[in-house]
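Asks: So that we are looking at the same thing, I have put the structure below in structure tokens.
The values are calculated or read from the model by the stated rules, or taken from the named source; none is laboratory data. Owing to the predicted nature of the structure, the values given are computational and were not obtained by experimental measurement. Virtual Cβ from ideal backbone geometry, glycine too; neighbours counted across all protein chains shown. The accessibility values were calculated without ligands, DNA or RNA, using every heavy atom of the protein model including side chains. Shrake-Rupley method; radii C 1.70, N 1.55, O 1.52, S 1.80 Å.
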Amino acid sequence: MKNYFRRVLFRPTKLFMGLLLSVSLFISCKDGYFFEENEPDWLRSSIYDYLQESGKYTNYIKLIDDLKLTDVMKKTGSVTLFVADDDAFNRFYQKNGISGYNQLTLSQKKLLLNFSMINNAYLIERLSNYYDGSVLKEDAAMRSETAVSIYDSIAFDKGDNLPIGTYWDNHKAKGLYLMKDNTASPTVYFLQNQMEQALMTDEDFSIITGKTRTTGDAYIFDKKIIDRDIRCKNGYVNVLDEVLMPPANMAEYIRRNSNTKIFSLLLDRYSAPYYNESYTNEYKRLHPEFTDSIFVKHYFSTVGPVNGNATGTTYYPNNSLIGTDYQLPLDPGWNSYVRPTSGNVLESDMAAMFVPNDAAMDAYFNTGAGTILKERFGSWDNIPNNIVRLLIKRHMRTSFLESIPSRFGSMMDDENSSVPVQKADIQSSYVGVNGAVYVTNKVYPPDHYVSVYAPVLFSEKTKVFYWAIAQNDFTLYLNSLVSKYSFFVPTDDGFTKYIDPIAYNKDVPAALKFWYNTKTSSVNATVYKYNKSTGEMGDSIGIITTSSFIKDRLLDMLNSHIVVGSVETGKKYYQTKGTNILQVAGTGTNLTIRGGGDIEQGTKVSVKNIYAQTNGNTYFIDKPIQAPLKSVYKILSEQPEFSAFFALLNGFPSTSTSNIFVKKKNYSGLDFNVKFFNTFNYTVYVPTNAAIESAINSGVIIPWDSRTGIVGINDMTDATAKAAAITKLERFLRYHFQDNSVFISGNAINGIYQSATLKLDDLTSQFGTYMNKFYRIGVSGSGDNLTISTENGGTAHVVTSNGLYNLMARDYIFNDLPANFKEITGTGTGTVFTSSSISTSSTAVIHQIDNVLSFK
């Protein structure tokens, strides 16, 4: 009677009794009330009498009598019963190798009767109505609780009837009494109005149940109701075409199916037997002769039953916590499964699973896309649980109604990736008490198995990057099958020297060696002294275990090791996700890569292995790619050939808002950052010293300091004129900074790019730039040269004779100025070094050009 107040009832018997009560309030003092001795003509006899009088339900009568429910079925109660006649029982006995009723066990009798009975009386079409709290849901129910008890049948299992695993092996020899679940088994029905509201077609029904229905038909599981709503004084009788025995839950069906053994073995890895004291005591009360213990089989999941609560199983039997990598999205053995988003309502939906048959699993593993698993692990048994879980999870569905055949084309997994099931893939199907099982002739591997992430997931040699990907939530990005990637992955033995950008510029320069700590399942970093002059590492001076610091540096590394698209297109330079530029040479396993830092140090990175994946290539490399360690400011300040242009850039008064370089909290980089860089990639064109001198002498620009015949800005006495000169110089200099990095790369180029100078007038310009838009720059070249065209029709050319082109720089922004952190050794003043982080950065390529750029 648990669902009394949640179901919408239609019970003439109850209504009749209510009328009797109402009448009695007025005439209870009078004698000879007619209905005290007589029943209305329209009210049938009791359920028991009806079955007995019909003469064709002798098996059912025996069930009632043997289970001592005769009085209940004769006089009291209010139930809905689904019965089968004696002919159906004879077919049932023959099918199950039973000679007759006398061979049924007590447990079987209880299941046959109790599972066919719903407490409370319902017309068939009213079964699909229920209350969700106080809200009536009409034609939305497809499941109901039955009278079956979890104590009706408890199996004793041992040996091969038990799964393989740490928590099962100790019970194999002795055996144990095992509840396959600790919740009662509900019934599942398919009714006309309910199917129409769920948009379930007759074809859907046929694929799901293997039966053909016509409009108006009603089914309990796959059993057709051939005579419905037979009204008795204590409920309704409905006649089925076949005997109704409780179907298994999804997990049990998969385990018993001889064609799904491989998947079942994998699924059962995530289960264990849990001793339950309260169930043991209750069973002993019901069966005093019982002296053993009761265990319950649970699957590791956050969505499932634990001692009757729908909170899942997140602890092993030894009370140790189960990691999320080892938990399923639902417990496939949970009889009373409740969809997580249904508001704890059993009636409205159930689960579903797509289970590849053994032939499909073998084909996938040995000759299909799963050969990468075979090459790495050798057999299904050797694949780690955290990896197998991804496959199981992909084949589980939390909603049956969203997984009916007519909706196969729109099914998405929890990472919003399509699950490409076709109707033709379904070899057979089964409706269990908690969901439908579709047995398929195909495997639907998760994106994890086919993306550029897969080689990292499968390899024992890439634990550092595996940890970094997990900690920085990069899995979904790398698993996207919409994009194509080139993913460079340093193997663990290659993490011998990562030059930290902040430590590099401290008094004690240091490099880091990242390594995976198997005891803590996390990445640590050993700190080594670093000689900036020789590039050699010295003695180790400490170990960093601060996960936030390591996560931050590895995030920066991840962004610098992913290129969107192929890096084997014949080009020389490619931009990474983090805007860094990689210089690439060769192809295949002869591919070499250099970041800006590698070029600075004269090193290169080599490819060890290549894995062709669905969304690109994964390259295992022998060391991390080193990003640039010098800022634009640093490179310009160090190069004598850049001195004239740098003097103009660096000459602004410290209080001026026109400053090109800044060094303050929000721009806390290696030294000084370009103020208008904004997490993007840029090109900086640096005129030769001679070109700057020529521009000064011709009056194109005014220098900071005075010289013969020229009054410098610093010596101007008219404040208005001085401010105008500063603004004019700022706008001139900014026109040498371009959005987008362009290289001399051996490939032809012809494009127009945006500069950093805003157009303040509506005069016509070379590229037709509108007012209040940024002036533009034209760039063209045949592959070994670049010509720059300006808004006023001028041109300049990149100087290649002195090698001052394609110079890579990076302007970091840290969470604080490097000077405010202690040394990596812990000495000095300031905050602890491991609290430092890389907030963002911009990159730039620098070219020397033979002329100044002007928009006027």
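Asks: Going by the conditions given, is F156 modelled with pLDDT of 95 or more and open to solvent by less than 10 Å² (accessible area, probe 1.4 Å)?
Replies: So F156 does not fit the description; no.
Asks: On to the next question. Can you pull out the residues in the range 250-261 that are crowded, with 19+ Cβ neighbours inside 10 Å and in contact with a strand residue (DSSP E or B) (Cβ under 8 Å, 6 or more places away or on another chain)? Show your work before the answer.
Replies: The first filter runs over the range 250-261 and keeps only residues crowded, with 19+ Cβ neighbours inside 10 Å, leaving 250-255, 257, 260.
Once the filter is applied, which keeps residues that are crowded, with 19+ Cβ neighbours inside 10 Å and in contact with a strand residue (DSSP E or B) (Cβ under 8 Å, 6 or more places away or on another chain), the range 250-261 yields M250, A251, Y253, I254, N257, T260.
Asks: Further, regarding this structure: Which of the strands (runs of 3 or more DSSP E) contained wholly in the range 537-613 include at least 2 residues that are small (G, A, S)?
Replies: Values: elements: 537-544, 562-564, 573-575, 581-585, 592-594, 605-613.
Because the criterion is at least 2 residues that are small (G, A, S), the strands (runs of 3 or more DSSP E) in the range 537-613 that meet it are 537-544, 605-613.
Asks: Residues to consider are K634, K664, K675; find the one that is closer than 30 Å to T534 by Cα and not aromatic (F, W, Y).
Replies: On the way: K664 fails: closer than 30 Å to T534 by Cα; K675 fails: closer than 30 Å to T534 by Cα.
Going through K634, K664, K675 in turn, just one is closer than 30 Å to T534 by Cα and not aromatic (F, W, Y): K634.
Asks: Among what's in the range 695-735 and is farther than 25 Å from R776 by Cα and among the hydroxyl-bearing types (S, T, Y), pick the residue that is surrounded by the fewest Cβ atoms within 10 Å (Cβ to Cβ).
Replies: Of everything passing the filter in the range 695-735, T708 is surrounded by the fewest Cβ atoms within 10 Å (Cβ to Cβ).
Asks: Taking K572, is it without any contact (Cβ under 8 Å) to a residue 60 or more places away in the chain, open to solvent by 30 Å² or more (accessible area, probe 1.4 Å) and touching a strand residue (DSSP E or B) at 6+ places or on another chain (Cβ under 7 Å)?
Replies: Working: without any contact (Cβ under 8 Å) to a residue 60 or more places away in the chain: no; open to solvent by 30 Å² or more (accessible area, probe 1.4 Å): yes; touching a strand residue (DSSP E or B) at 6+ places or on another chain (Cβ under 7 Å): yes.
So K572 fails the test.
Asks: Quick one: count up the residues across the range 175-203 that are charged (D, E, K, R) and within 27 Å of G304 (Cα to Cα). Full working, then the answer.
Replies: First pass over the range 175-203, keeping only residues charged (D, E, K, R): 180-181, 196, 202-203.
Now drop any that are not within 27 Å of G304 (Cα to Cα), which leaves 180-181.
Number satisfying all stated conditions: 2.
Asks: Taking the criterion of being assigned to a loop (DSSP other than H, G, I, E, B), without any contact (Cβ under 8 Å) to a residue 60 or more places away in the chain and more than 22 Å from L558 (Cβ to Cβ), would at least one residue in the range 673-686 satisfy it?
Replies: Looking through the range 673-686, at least one residue is assigned to a loop (DSSP other than H, G, I, E, B), without any contact (Cβ under 8 Å) to a residue 60 or more places away in the chain and more than 22 Å from L558 (Cβ to Cβ).
Asks: How many of the residues in the range 494-549 are free of Cβ contacts under 8 Å to residues at least 40 places away in the same chain and crowded, with 18+ Cβ neighbours inside 10 Å?
Replies: Count: 6.
Asks: Moving on to the next point. I'm told Y812 meets every condition in (1) crowded, with 19+ Cβ neighbours inside 10 Å; (2) assigned to a loop (DSSP other than H, G, I, E, B); (3) of a type outside the set (G, A, S) except one. Can you identify the failing condition by its number?
Replies: (2)
Asks: Something else now. Only residues that are of a type outside the set (G, A, S) and surrounded by 20 or more Cβ atoms within 10 Å (Cβ to Cβ): list them for the range 190-203, please. Step through it out loud before you land on a result.
Replies: Within the range 190-203, the subset of a type outside the set (G, A, S) is 190-197, 199-203.
Passing the criteria: F190, L191, Q194, M195, M200.
Asks: Could I ask something else about it? Can you tell me how many residues in the range 631-642 are open to solvent by 60 Å² or more (accessible area, probe 1.4 Å) and either part of a loop (DSSP other than H, G, I, E, B) or not basic (K, R) (or both)? Give the derivation first.
Replies: Of all residues in the range 631-642, those open to solvent by 60 Å² or more (accessible area, probe 1.4 Å) come to 634, 638, 640-641.
Filter once more, keeping what is either part of a loop (DSSP other than H, G, I, E, B) or not basic (K, R) (or both): 638, 640-641.
Going through the range 631-642 one residue at a time, the tally reaches 3.
Asks: Would you pick out the residues in the range 740-765 that are open to solvent by less than 40 Å² (accessible area, probe 1.4 Å), touching a residue at least 40 places away in the same chain (Cβ under 8 Å) and either aliphatic (A, V, I, L, M) or under 30 Å from A585 (Cβ atoms) (or both)?
Replies: S741, V742, F743, I744, S745, A756
Asks: Go through (1) open to solvent by 20 Å² or more (accessible area, probe 1.4 Å); (2) closer than 16 Å to T683 by Cβ; (3) part of a strand (DSSP E or B) one by one and return the number of the condition T840 breaks.
Replies: Of the numbered conditions (1) open to solvent by 20 Å² or more (accessible area, probe 1.4 Å); (2) closer than 16 Å to T683 by Cβ; (3) part of a strand (DSSP E or B), the odd one out for T840 is (2).
Asks: Separate question: Exactly one of (1) open to solvent by less than 40 Å² (accessible area, probe 1.4 Å); (2) part of a loop (DSSP other than H, G, I, E, B); (3) more than 22 Å from A748 (Cβ to Cβ) is unmet by G826. Its number?
Replies: (1)
Asks: Of (1) at pLDDT 90 or above; (2) small (G, A, S); (3) open to solvent by less than 20 Å² (accessible area, probe 1.4 Å), G312 satisfies all except one. Which?
Replies: (1)
Asks: State all residues of the range 120-141 that are among the basic types (K, R) and under 27 Å from M73 (Cα atoms); if no residue qualifies, say none. Show your work before the answer.
Replies: From the range 120-141, those among the basic types (K, R) are 126, 137; that's our starting set.
Passing the criteria: only R126.
Asks: Among the residues in the range 766-782, are any of a type outside the set (A, V, I, L, M, F, W, C) and more than 49 Å from the chain's Cα centre (by Cα)? Outline the logic, then answer.
Replies: Quick first cut of the range 766-782, residues of a type outside the set (A, V, I, L, M, F, W, C) only: 766, 768-770, 772-773, 775-776, 778, 780-782.
From what is left, the residues that are more than 49 Å from the chain's Cα centre (by Cα) are 766.
Yes.
Asks: Any idea how many residues of the range 96-119 are open to solvent by less than 50 Å² (accessible area, probe 1.4 Å) and either more than 24 Å from Y189 (Cβ to Cβ) or not in a loop (DSSP other than H, G, I, E, B) (or both)? It would help to see each step written out before you state the result.
Replies: At the first step, the residues of the range 96-119 found to be open to solvent by less than 50 Å² (accessible area, probe 1.4 Å) are 98, 100-101, 104, 107, 109-119.
This time we only want the ones that are either more than 24 Å from Y189 (Cβ to Cβ) or not in a loop (DSSP other than H, G, I, E, B) (or both), so: 98, 100-101, 104, 107, 109-114, 117-119.
Number of matching residues: 14.
Asks: Looking only at residues that are aliphatic (A, V, I, L, M) and in contact with a Lys or Arg (Cβ under 7 Å, 6 or more places away or on another chain) in the range 98-129, which one is nearest to S348 (Cα to Cα)?
Replies: Within the range 98-129, the subset aliphatic (A, V, I, L, M) is 98, 104, 106, 111-113, 117-118, 121, 123-124, 127.
Right, trim to in contact with a Lys or Arg (Cβ under 7 Å, 6 or more places away or on another chain) and you get 121, 124.
Working: A121: 19, I124: 16 Å.
This residue is I124.
Asks: Say whether the condition of being under 33 Å from the mean Cα position of the chain (by Cα), surrounded by 19 or more Cβ atoms within 10 Å (Cβ to Cβ) and assigned to a loop (DSSP other than H, G, I, E, B) is met by at least one residue in the range 165-175.
Replies: Checking the range 165-175: not a single residue is under 33 Å from the mean Cα position of the chain (by Cα), surrounded by 19 or more Cβ atoms within 10 Å (Cβ to Cβ) and assigned to a loop (DSSP other than H, G, I, E, B).
Asks: Those residues that are open to solvent by less than 20 Å² (accessible area, probe 1.4 Å) and either acidic (D, E) or in a helix (DSSP H, G or I) (or both), I need them from the range 62-80; list them, please. If you could, list the steps in order and put the result at the bottom.
Replies: Applying the first criterion (open to solvent by less than 20 Å² (accessible area, probe 1.4 Å)) to the range 62-80 yields 63-64, 73, 78-80.
L63, I64, M73 - these are the residues of the range 62-80 that are open to solvent by less than 20 Å² (accessible area, probe 1.4 Å) and either acidic (D, E) or in a helix (DSSP H, G or I) (or both).
Asks: Could I ask something else about it? Among the numbered conditions (1) at pLDDT 95 or above; (2) out of contact with any Asp or Glu (no Cβ under 9 Å at 6 or more places or on another chain); (3) farther than 20 Å from M250 by Cβ, tell me where T324 comes up short.
Replies: All conditions pass for T324, except number (1).
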